[in-house]
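Everything on this sheet refers to the single structure shown next.
The values are calculated or read from the model by the stated rules, or taken from the named source; none is laboratory data. Bear in mind the structure is a predicted one, so any value in this text is a computation, not a measurement. Reconstructed Cβ throughout: ideal geometry from the backbone, glycine too, with neighbour counts over all protein chains shown. All accessible areas refer to the heavy atoms of the entire protein, side chains included, with ligands and DNA or RNA removed. Shrake-Rupley method; radii C 1.70, N 1.55, O 1.52, S 1.80 Å.
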Amino acid sequence: MERIRQVWHFFDQNKDYTDVLFYAYPNHEYRVIVRQEHYVDFLTELFKAQLLLRLEWSTI
């Protein structure tokens, strides 16, 4: 739970307030809306917070 809050804080501190929107629900459930142009940034922050084990891009 602390790791997702780190990611939330990262995006909450930047100047673009609509890049990533977090919604907290009971039982530690979160929903997130990410603007397409910030998707890579969001995934990278999840990886840094060790919420993702691996990132991979394909050129297909």
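Brief remarks follow.
- Long-range neighbours under 9 Å by Cβ, at least six apart or interchain, first residue assigned to a helix (DSSP H, G or I) within region 1-25, second of a type in the set (S, T, N, Q): R3/Q50
- Residues in region 16-37 that are over 18 Å from R5 (Cβ atoms), among the charged types (D, E, K, R) and open to solvent by less than 90 Å² (accessible area, probe 1.4 Å): D16, R35.
- Any hit, region 38-57, residues being open to solvent by 100 Å² or more (accessible area, probe 1.4 Å) and assigned to a helix (DSSP H, G or I): yes
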